[in-house]
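Engineer: Let me give you the structure first, and then I'll get to my questions.
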Amino acid sequence: MMRRSSEAPFEWTIEHSEEAIRAFVVERDPDIVCFQELPGMVPYVGSHVLVPVHTRSHNGDIAILVRSGLEVDATFRTEQGFAVIVEFSDFTIANVHLAPGSDGAMTRLAMMHQILADVVQPLVVVGDTNMRMAEWDLMAELGFTIVKPPVPTWNSRSNRFNEEGAEYTAYYTNAMARGKVEVSDLEVWTEPVEHLDKSFHLSDHYPLTGSVESAAGQST
């Protein structure tokens, strides 16, 4: 995220990307915003605060914004190099950027085991999992329910963010729930940014939004 698309005009800068991301967040007004692949900075959103922990993954930083006030009773930690975790009163959310590659399935599984080892609450994992759909059965064995997004969250056929990259679709960015918590209303935002007669995307992954509700009634 916030690298420059191969389709963006020359004049497009990281400041333009931050402004566009801020507008996207303000328009949709979520309680929680999960970022991966940040270039050492986090987009500023006046209604939200940056949780006081972050970590650097194999490609960029991982960070979470929460609506101002929600952080008061929450606790924060990281799994160094792949997850930022926020524990609310009724559930925990883990924002992840798991190991890449078709040969990384066992590494990703080990990362998920590491998250589970330290979580006792109902858990939502969201972010760039880099998982292939064949790995979803492994997540089910760990007790997760994966809600398949309505369309792929990666489509390099239509989003030529990396001009020389292979053209395919995938569900790398997704959400999964474990325990008495539910993920619903997933939506993938595929619309490009329009600037100076150019259409392009801010990331090679499409943004994913949704709702979370715990059995205790806490929702976001």
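Engineer: Give me the residue from region 88-110 that is β-branched (Val, Ile, Thr) and crowded, with 17+ Cβ neighbours inside 10 Å and, out of that set, farthest from His54 (Cα to Cα). Working first, answer last.
Structural biologist: Narrowing region 88-110 to residues β-branched (Val, Ile, Thr): 92-93, 96, 107.
If we keep only those that are crowded, with 17+ Cβ neighbours inside 10 Å too, we end up with 92-93, 96.
On the way: Thr92: 16, Ile93: 14, Val96: 11 Å.
The selected residue is Thr92.
Engineer: Another question, then. Check region 190-211 and report whether any residue there is more than 22 Å from Ser6 (Cα to Cα), among the charged types (D, E, K, R) and not in a strand (DSSP E or B).
Structural biologist: The answer is no, given that none of the residues of region 190-211 is more than 22 Å from Ser6 (Cα to Cα), among the charged types (D, E, K, R) and not in a strand (DSSP E or B).
Engineer: Right, here's the next one. Collect the residues in region 82-129 that are in a helix (DSSP H, G or I), without any contact (Cβ under 8 Å) to a residue 12 or more places away in the chain and not aliphatic (A, V, I, L, M), keeping them in residue-number order. Walk me through how you get there before you give the answer.
Structural biologist: Step one: filter region 82-129 for residues in a helix (DSSP H, G or I), giving 105-117.
If we keep only those that are without any contact (Cβ under 8 Å) to a residue 12 or more places away in the chain as well, we get 106-107, 110, 117.
Passing the criteria: only Thr107.
Engineer: If you go through region 62-87, how many residues are of a type in the set (A, V, I, L, M) and over 14 Å from the mean Cα position of the chain (by Cα)?
Structural biologist: Result for region 62-87: 3.
Engineer: Every residue in region 1-31 that is free of Cβ contacts under 8 Å to residues at least 24 places away in the same chain, among the hydrophobic types (A, V, I, L, M, F, W, C) and touching a Ser or Thr at 6+ places or on another chain (Cβ under 8 Å), please. Give the steps one after another, and end with the answer.
Structural biologist: Let us first name the residues in region 1-31 that are free of Cβ contacts under 8 Å to residues at least 24 places away in the same chain, namely 4, 10, 13, 15, 19, 22-23, 26-27, 29.
Subsequent filtering for residues that are among the hydrophobic types (A, V, I, L, M, F, W, C) retains 10, 23, 26.
Val26 - this is the single residue of region 1-31 that is free of Cβ contacts under 8 Å to residues at least 24 places away in the same chain, among the hydrophobic types (A, V, I, L, M, F, W, C) and touching a Ser or Thr at 6+ places or on another chain (Cβ under 8 Å).
Engineer: If only one of Ala216, Ala177 is modelled with pLDDT under 95, of a type in the set (Gly, Ala, Ser) and farther than 18 Å from Glu18 by Cβ, which one is it? Walk me through it before giving the result.
Structural biologist: Working: Ala177 fails: modelled with pLDDT under 95.
The match here is Ala216.
Engineer: Which of the numbered conditions does His113 fail, given that it passes all the others? Conditions: (1) surrounded by 12 or more Cβ atoms within 10 Å (Cβ to Cβ); (2) within 22 Å of Asp61 (Cα to Cα).
Structural biologist: (1)
Engineer: State which residue is modelled with the lowest pLDDT when the search covers only region 117-153 and only residues that are under 16 Å from Thr209 (Cβ atoms) and not β-branched (Val, Ile, Thr).
Structural biologist: The qualifying residue modelled with the lowest pLDDT is Lys148.
Engineer: Out of all the residues in region 175-200, which are under 18 Å from Arg28 (Cα atoms) and either basic (Lys, Arg) or touching a Phe, Trp or Tyr at 6+ places or on another chain (Cβ under 7 Å) (or both)?
Structural biologist: Once the filter is applied, which keeps residues that are under 18 Å from Arg28 (Cα atoms) and either basic (Lys, Arg) or touching a Phe, Trp or Tyr at 6+ places or on another chain (Cβ under 7 Å) (or both), region 175-200 yields Val188, Trp189, Thr190, Pro192, Val193.
Engineer: Ala216: in a loop (DSSP other than H, G, I, E, B), of a type outside the set (D, E, K, R), farther than 30 Å from Ser6 by Cβ and out of contact with any helix residue (DSSP H, G or I) (no Cβ under 9 Å at 6 or more places or on another chain), yes or no?
Structural biologist: When the stated conditions are applied, Ala216 passes them.
Engineer: Here's a follow-up. For residues that are surrounded by 12 or more Cβ atoms within 10 Å (Cβ to Cβ) and part of a loop (DSSP other than H, G, I, E, B), scanning just region 140-157, find the one that is nearest to the chain's Cα centre (by Cα).
Structural biologist: Thr153
Engineer: Could you grab me the full set of residues in region 183-213 that are surrounded by fewer than 18 Cβ atoms within 10 Å (Cβ to Cβ) and either without any contact (Cβ under 8 Å) to a residue 24 or more places away in the chain or over 21 Å from Phe91 (Cβ atoms) (or both)?
Structural biologist: Trp189, Thr190, Glu191, Pro192, Glu194, His195, Leu196, Asp197, Lys198, Ser199
Engineer: Same structure, new question: Would you check if Ser47 is under 20 Å from Ser211 (Cα atoms), touching a helix residue (DSSP H, G or I) at 6+ places or on another chain (Cβ under 8 Å) and loosely packed, with under 15 Cβ neighbours inside 10 Å?
Structural biologist: On the way: under 20 Å from Ser211 (Cα atoms): yes; touching a helix residue (DSSP H, G or I) at 6+ places or on another chain (Cβ under 8 Å): yes; loosely packed, with under 15 Cβ neighbours inside 10 Å: yes.
So Ser47 fits the description; yes.
The values are calculated or read from the model by the stated rules, or taken from the named source; none is laboratory data. Everything numeric here is computed off the predicted structure, so don't read it as measured data. No Cβ is skipped: glycine too gets one built from the backbone with ideal geometry, and neighbour counts run over all protein chains shown.
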